[in-house]
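Colleague: Have a look at this one before I ask anything.
Every number in this text was worked out from the coordinates using simple rules, so none of it is lab data. Predicted, not measured: the structure shown is a model, and the values here were computed from it. Every residue, glycine as well, gets a Cβ built from its backbone with ideal geometry; the counts of neighbours run over all protein chains shown.
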């Protein structure tokens with residue numbers, strides 16, 4: 001399967017050379033994979049001396065993955081095939097009731113999206129859920145996610161598996177985003193990479209030496225709890241984090257209110273800044289300075305080659321331009337900072353990446369450490385826009 005995923009269309013003779021297995025063995029395995037619907041004939045080799053050979057490739061729609069990006073304000077779901085082609089996609093406001101209501105929302109959105117493309121439920125084999133905070137493998141709870149109520153008091157993983165009827169993987173949403181960017185986005189081929197999502201909250205995903213850094217309790221990258229920006233000893237900082245209180249949307253709104261006496265949403269503040277409003281411009285400057293300090297904190301520990309900004313605020317060019325200006329003023333060496341190429345889809349693509357690897361292992365892998373089947377090459381992946 002590794003040879004077919006990476007090299008398809010590929011002949012049985014070529015698979016035999018790559019794997020070291022006999023042509024007879026390869027023929028038997030390929031025949032069974034074809035019977036089971038995982039591979040198919042694509043034609044015959046041409047341009048070679050001698051007999052032509054039948055070539056095979058993966059059947060992309062042999063199975064599907066439900067990829068979910070759960071945020072404090074929005075839920076984004078996608079149904080993805082084995083080559084990461086997005087077949088169905090939907091976005092909706094996160095159910096404000098949180099807890100079980102959000103679980104039900106995720107399940108119903110995924111199945112509804114699949115139905116729009118006539119994808120049967122039994123073809124969906126796995127769901128990967130990216131959520132803010134730290135998933136707890138022991139209890140199934142999601143900790144450090146104050147923007148969605150109830151996830152820290154229930155077994156979210158078990159509830160999702162019951163609703164879906166198949167396996168579910170929980171992962172931090174920004175961890176998924178850095179994986180997505182590393183596979184198909186701004187960070188392709190970069191082994192030391194950081195991703196910062198700034199919006200309602202703030203979080204970070206980090207790859208060091210090509211490996212995702214999760215930490216002892218999946219809390220690595222919880223940048224909101226950096227002990228600066230606001231008082232880390234105030235009780236509220238234990239709930240949402242001192243840094244998050246200052247740099248995320250709530251902090252932006254509060255700084256503008258303190259300066260003007262007016263309460264406006266973040267988009268309206270950006271609009272005023274574009275019109276030259278002095279208070280709004282100062283708020284954006286202060287936000288970018290804080291973000292530059294956060295990037296410096298990551299860089300001094302992990303030394304990433306590139307930092308990618310995402311999230312509704314992090315993607316704003318006004319923030320990126322300011323960060324590039326302020327970062328050299330507070331940190332001694334150059335750091336490449338760019339906006340996400342995948343945008344709102346970064347976590348979805350990362351969820352697909354983890355899901356594909358897990359599904360390939362589950363279906364075809366052996367119980368050996370090096371049995372992991374890698375992802376399809378980036379240049380073969382199609383991310384088509386789906387009509388909403």
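Colleague: Among 337, 307, 91, which comes first, second and so on when ranked by fewest other beta-carbon atoms within 10 Å?
Modeller: Ascending number of Cβ neighbours within 10 Å: 91, 337, 307.
Colleague: Evaluate E = 1/(1 + (r/R0)^6) for residue 27 and residue 271, where r is the Cβ-Cβ distance and R0 equals 56 Å; express this FRET efficiency to the nearest 0.05. Mind showing how you got there, number by number?
Modeller: Working: r = 65 Å, r/R0 = 1.15.
The pair residue 27/residue 271 has a calculated efficiency of 0.30.
Colleague: Another question, if that's okay. For residue 158 and residue 115, FRET efficiency with R0 = 35 Å and r from the beta-carbon atoms, rounded to 0.05? Each step should come with its number before you reach the end.
Modeller: Values: r = 25 Å, r/R0 = 0.71.
After rounding, the FRET efficiency stands at 0.90.
Colleague: Using Cα atoms only, what is the angle between the long axis of helix 23-35 and the major principal axis of the chain, expressed in degrees (0 to 90) to the nearest 10?
Modeller: With rounding to tens, the tilt is 60 degrees.
Colleague: To continue, here is another question. Quick one: angle between helix 317-330 and the longest Cα principal axis of the chain, in degrees between 0 and 90, rounded to 10, please.
Modeller: 70 degrees
Colleague: If you take the beta carbon distance between residue 321 and residue 231 as r and set R0 to 25 Å, what does 1/(1 + (r/R0)^6) give as a FRET efficiency, to the nearest 0.05?
Modeller: E(calc), rounded to 0.05, equals 0.25.
Colleague: Still on this structure, please answer the following. Tell me, in nm to one decimal, what length is gained between residue 301 and residue 73 on full extension, where the rule is 0.36 nm per residue of separation less the Cα-Cα distance?
Modeller: On the way: separation 228, 0.36 × 228 = 82.08 nm, distance 3.07 nm.
Between residue 301 and residue 73, full extension yields 79.0 nm more.
Colleague: Residue 262 label point, 7 Å along Cα→Cβ, cut-off 15 Å on backbone N: hits in the stretch 272-299?
Modeller: 272-284
Colleague: So, in Å, what gap is there between the alpha-carbon centers of the stretch 69-117 and the stretch 276-341?
Modeller: For the stretch 69-117 versus the stretch 276-341, the Cα centre distance is 30 Å.
Colleague: What distance in nm lies between label points placed 7 Å from Cα along the C-beta direction at residue 282 and residue 254?
Modeller: About 1.8 nm separates the two model spin labels.
Colleague: Right, next: How big is D, in µm² s⁻¹, for the stretch 227-314 by Stokes-Einstein at 37 °C and 0.692 mPa s if Rh is the Kirkwood radius over C-alpha pairs? Provide the component values of the computation, followed by the final result.
Modeller: On the way: Rh = 13.9 Å.
The calculation lands on 236 µm²/s.
Colleague: Quick one: which of 203-214, 226-237, 94-105 comes out on top by average Cβ neighbours within 10 Å, and what's the full order, highest first?
Modeller: With the highest mean Cβ count within 10 Å placed first, the list reads 203-214, 94-105, 226-237.
Colleague: Taking other Cβ within 10 Å of each residue's Cβ, how do 122, 277 sort, fewest first?
Modeller: 122, 277
Colleague: With 10 angstrom as the radius, rank 90, 336 by how many other C-beta atoms surround their C-beta, starting from the fewest.
Modeller: Fewest-to-most ranking of 90, 336: 336, 90.
Colleague: Could I ask something else about it? Rg and Dmax in Å for the stretch 186-340, alpha carbons only: what are they?
Modeller: Rg, Dmax (Cα atoms, Å): 15.3, 48.
Colleague: If you line up the long axis of helix 346-364 against the longest principal axis of the chain, both from Cα atoms, how many degrees apart are they, to the nearest 10?
Modeller: So the inclination is approximately 30 degrees.
Colleague: Also, I was wondering about something else. Multiply the residue separation of residue 108 and residue 18 by 0.36 nm, subtract the distance between their alpha-carbon atoms, and state the gained length in nm to one decimal. Provide the component values of the computation, followed by the final result.
Modeller: Details: separation 90, 0.36 × 90 = 32.40 nm, distance 4.30 nm.
In short, 28.1 nm is gained.
Colleague: Take the Cα coordinates of the stretch 1-40, assign each an equal point scatterer, and use the Debye formula without solvent to give log10 I(q)/I(0) at q = 0.19, 0.23, 0.26 Å⁻¹.
Modeller: Normalising to I(0) and taking log10 leaves -0.46, -0.68, -0.87.
Colleague: As a test of the definition: which semi-axes, in Å, follow for the chain when you take the square root of five times each eigenvalue of its alpha carbon gyration tensor? Largest first, please. It would help to have the intermediate numbers written out before the result.
Modeller: Numbers: eigenvalues 351, 108, 69 Å².
In descending order, the three semi-axes are 42, 23, 19 Å.
Colleague: Still on this model: Can you give the helix-only mean residue ellipticity at 222 nm for the chain, where every DSSP H stretch with n ≥ 4 adds -39500 (n - 2.57) and the sum goes over all residues, rounded to the nearest 500 deg cm²/dmol?
Modeller: Calculated at 222 nm, the ellipticity per residue is -12500 deg cm²/dmol.
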